[in-house]
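Report on one structure; see the data block that follows.
The values are calculated or read from the model by the stated rules, or taken from the named source; none is laboratory data. Worth saying up front: this structure is predicted, and the values here are computed from it rather than measured. Counting neighbours? That spans all protein chains shown, and the Cβs are built from the backbone with ideal geometry, glycine included.
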Amino acid sequence: MFKIILMKLNLICLSLLLLLASCQNISPYEKEIILFRKDKDSFFKSFDDSPLKQEQKLKFKSLNYFPIHEKWKINGTFTLANPTLSSKHAGKVEFIYENKKYELRADWDDTLKKDKLFIPFRDKTTNVSTYGGGRYLNVIYENSNDIILDFNYTYNPYCIYNSEYICPVPYKENKLPVAIEAGEKLFD
C-alpha cells in the first residue's frame, strides 16, 4: 500500500515539475509555494495522519487558497520575551505593511527546539473568507531579530477539518486591522 502511495506521489510530483517547467512566467518563489501546496494537498488526501476523515478524503481535491503574491512575504523584527514569564511565550513580532506598523505575539512551536515561532492571528478576512477562529503562521527563528513572515504559508487549524482536534485560539492582541489575503481560505 505504501509503495503505491509513494509511486502516485512521485508521479504527481513529476507531472507538476513538468507543468512548472513549461510555465516560464512563474517566479521561483511562486514555484516554491505551488509545490508546497501540492505536497500539502497530497498529504491531506493520502496519508493516515491527515486531519481528514476517510469519507472526506474520498471527495477531497485541494485546499482552498488565496492567490500567491510576493507582497505577503514581509520582513519583520522579533523581540525575545523575558524567559521567566512563560516557557511557551517567545516574544513579539513587529512588521510594516502598507507603511503601518503591526505587532503580533509569538509562541514557541510545540517542538522542544526553539527554532520555530508559532503565530496564531485573526485579520479582516476572519469569518469572511477565512476560518472564524483565526489562522496560524509558523516562522523560522535563527537566533536573530530579523525574521521573515511569509503569509502565503498561513494555514487553518486542524479542528476545522475534524472535530477530534482542539485549536489554539489566537490571542486578543493578535487581531490585525487589515485583510491578510494570503495562505489558506475556508475549507469546503
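The number of residues in the range 106-138 being part of a strand (DSSP E or B) and among the hydroxyl-bearing types (Ser, Thr, Tyr) comes to 3. Within the range 130-145, at least one residue is farther than 28 Å from Lys61 by Cβ and of a type in the set (Asp, Glu).
Of all residues in the range 157-188, those being free of Cβ contacts under 8 Å to residues at least 60 places away in the same chain, surrounded by 16 or more Cβ atoms within 10 Å (Cβ to Cβ) and touching a Lys or Arg at 6+ places or on another chain (Cβ under 7 Å) number 1.
With the structure loaded, tell me whether Lys92 is part of a strand (DSSP E or B), charged (D, E, K, R), touching a residue at least 12 places away in the same chain (Cβ under 8 Å) and in contact with a strand residue (DSSP E or B) (Cβ under 6 Å, 6 or more places away or on another chain) or whether it fails that test. For Lys92, the condition - part of a strand (DSSP E or B), charged (D, E, K, R), touching a residue at least 12 places away in the same chain (Cβ under 8 Å) and in contact with a strand residue (DSSP E or B) (Cβ under 6 Å, 6 or more places away or on another chain) - is met.
Out of Glu164, Glu103, Glu173, one residue alone is of a type in the set (D, E, K, R), over 15 Å from the mean Cα position of the chain (by Cα) and part of a helix (DSSP H, G or I). It is Glu173.
Which members of the range 98-123 meet the condition of being of a type in the set (Asp, Glu) and buried (at least 21 other Cβ atoms within 10 Å of the Cβ)? So that I can check it myself, show each step before the final result.
Of all residues in the range 98-123, those of a type in the set (Asp, Glu) come to 98, 103, 107, 109-110, 115, 123.
Answer for the range 98-123, where residues must be of a type in the set (Asp, Glu) and buried (at least 21 other Cβ atoms within 10 Å of the Cβ): just Asp123.
Kindly indicate whether Ser129 is of a type in the set (Gly, Ala, Ser) and farther than 22 Å from Glu94 by Cα. Spelling it out, Ser129 is indeed of a type in the set (Gly, Ala, Ser) and farther than 22 Å from Glu94 by Cα.
Out of the residues in the range 124-138 that are in contact with a Gly (Cβ under 8 Å, 6 or more places away or on another chain) and under 18 Å from Ile74 (Cα atoms), which is surrounded by the most Cβ atoms within 10 Å (Cβ to Cβ)? By that ranking, first place goes to Arg135.
Give the range 41-80 a look and list any residue that's among the charged types (D, E, K, R) and closer than 22 Å to Ile147 by Cβ, or say none. Scanning the range 41-80 gives Glu70, Lys71, Lys73.
Listed here are the residues, each with its yes/no results for (1) more than 20 Å from Asn156 (Cβ to Cβ); (2) modelled with pLDDT of 95 or more; (3) polar (S, T, N, Q).
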| position | (1), (2), (3) |
| --- | --- |
| Glu30 | yes, yes, no |
| Ile33 | no, yes, no |
| His69 | no, yes, no |
| Thr77 | yes, yes, yes |
| Pro83 | yes, no, no |
| Phe95 | yes, yes, no |
